[in-house]
Structures are given as structure tokens and as C-alpha cells.
Amino acid sequence: MASCEFVVGILFLFQTGTGLLGNSLLLYFYLLTLFTKHTKRPTDLILNHLALANFLILFSRGIPQTLAAFCLDNFLGEAMCKIVFYTHRVARGVSLCATCLLSGFQAITISLNNPRWAELKLRAPKFVQPSCCLCWILHLLINIVVPVKVTHPGNTRNMTKRDFGLCSVKGSNSFISSLCAFLFTFLDILCLGPMGWASVSIVLFLQRHKQRVQYLHHTSLSPRASRETTATFTVLLLVSLFVSFYFLSSILSLYMTCFVNPSLQLVNIGTFLSACFPASSPYVLISHEIKVFVSCKTKISK
């Protein structure tokens, strides 16, 4: 095994291992919260779906890519190639959709002094669960074309694109390929648009909040306002991480479509970038929950 391949394998192993561990802890925490707490935060359900989607991204893409980097690239058969690629595409779409829901819900929650959002803020928690279910159903249906196109490299000579260094995409009618690409891009934009609006709203809220804090000299801030501000910072950080890694990964994917058979190095870089958000996001959320727990414990002790 070449030293470069060994280093790549170690990087994927570290990223996948830490990401799976973080998302597993997060899933356990939020599932425990949903089943044991009498007063549940609506965002807990969104974060639960986000953690599950990120776990599936790392499980379906990180593990095969790690094994491929260690030269174990012949263990996936035809059926496994289709299942792995389909699971990754669905989980990626749900992760994008859940991040959009989270940012939108947080933007609505913090609009305290806007009467136009008062009714929507009261009704928003009722739409959280149906929206999360709709995300899964939509992406399960829209990605049904993926298993048809994906195959094991040894089963076809008409290979147009490699993935994982393990699976390939069969050549097909250019109109169908363009239609699928447009549909996937449209769904991404459909989520990125509201996410951008929500992020701008959150930034404006934080700016107004900062000015209010400076004016009041920290004398009139309630614990609830403080917790909402902390949650808002966390959501904004998550959205920033997602958008940054998403655009880097998308630019590289667009670049790779210019090649009939992109190099393994490009495939590895693209896979690593696409897995950065699923691997890092659980630790951002865990650090937020720890801060909330420490803050609540300090207030109780006082």
C-alpha cells in the first residue's frame, strides 16, 4: 500500500469514526429527550432527523471510502453499490432539508417583537414533525432514479463517472440526465433560498440584540433570552458550516463532471469535503447542550 493511500485512509478513518461517534451520541441524547421529557423543544425533533441523516451519510459514504483508501475496493457488489449510493443521496438531501428547517424555525422563534410572525410562531411547532416526514418521503421518491443508474464498475463498460472509487454511473440519455440534474439542483436551491433568508434574519436579530445589550448594560436580560441567543448562535454556526462545505463540494463536483473518469484524488477530496459537515456538526450541537446544562446548573445553585 502506498504511503499516500495510507494517509488518505487514516484521514477518512478519523473523520468517519469521530463523525459516527458524535452523531450516535447526539441521536441517543435527543431520542432520550423526546421520550422522557414532558416539555420538549420543537427543535429537538429537527436535530434528531439531522443527526440521523448525517449518521447515514457517514455510514454509507465514509465507511466504503475508508475501505477503498486501504485498497479494499472489491467488496461491494451490484446490489450494495445501489443501496449505498441511494442511501447517501437520500441522507444528503434530508440533511440539507433539516438544516433549512432548523434555520427557518429559529428565525421565526426569535422574532419576538414582530406582530406579523406572532401567529406563525404559535403554529410553527405543529408543522415540525410533518415537515421532517415530508423531507424523507420527498427524497426517497426523487432519488429512486439513482439505483437504476448506479452499478459496479465491472458490470458495464459505459462508465461515465466514478464514485467512492467503488461504484460507477452508467451512461444514459442526455435529456434524462439533464432533467435529473436540474431536479436535484432545483431541490437544493429550494432549501438554500429559505436558509439564506433565515440566516440574514438571524444576523439582523443578533445585531439588534447586541445593541440592546450594550444599551441596557446587561441589567434586564432574562435567562430565557440568554438561552435563545445561545441557540441562535449555534444555528447560525451550523448553517455557516453547512453552506461553506456544501459550496466547496458542489464546485468540485461540477468540476469533476467535465471529466469522463475523474482521478481517485479528486474523488477522495470531494468525498472528504462532503463528509465534513456531518462529521463536525454533532460536536457543535453537543457543545451547545453542555453550555445550556452548565448555565442551568449554575442558576439552580444560586
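Summary table
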{"item": "Condition check for Ile108: at pLDDT 75 or above, open to solvent by less than 40 Å² (accessible area, probe 1.4 Å) and in a helix (DSSP H, G or I)", "result": "yes"}
{"item": "Failed item in (1) at pLDDT 65 or above; (2) exposed (fewer than 15 other Cβ atoms within 10 Å of the Cβ), with Leu187 passing the rest", "result": "(2)"}
{"item": "Helices (runs of 4 or more DSSP H) fully within the range 204-302 counting 3 or more residues that are touching a strand residue (DSSP E or B) at 6+ places or on another chain (Cβ under 9 Å) and either surrounded by 11 or more Cβ atoms within 10 Å (Cβ to Cβ) or modelled with pLDDT of 80 or more (or both)", "result": "264-274"}
{"item": "Subset of the range 1-10 (residues that are exposed (fewer than 14 other Cβ atoms within 10 Å of the Cβ) and part of a helix (DSSP H, G or I))", "result": "Ser3, Cys4, Phe6, Val7, Ile10"}
{"item": "Selected residue (only one of Leu31, Leu26, Leu58 is of a type outside the set (Val, Ile, Thr), open to solvent by less than 10 Å² (accessible area, probe 1.4 Å) and more than 16 Å from Cys276 (Cβ to Cβ))", "result": "Leu26"}
{"item": "Flag if Tyr86 is modelled with pLDDT of 75 or more, within 18 Å of the chain's Cα centre (by Cα), under 30 Å from Val235 (Cβ atoms) and surrounded by fewer than 15 Cβ atoms within 10 Å (Cβ to Cβ)", "result": "no"}
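The values are calculated or read from the model by the stated rules, or taken from the named source; none is laboratory data. The structure presented is a predicted model; accordingly, all values stated were derived computationally and were not measured. No Cβ is skipped: glycine too gets one built from the backbone with ideal geometry, and neighbour counts run over all protein chains shown. These area figures cover heavy atoms from the full protein model, side chains too; ligands, DNA and RNA do not enter into them. Shrake-Rupley method; radii C 1.70, N 1.55, O 1.52, S 1.80 Å.
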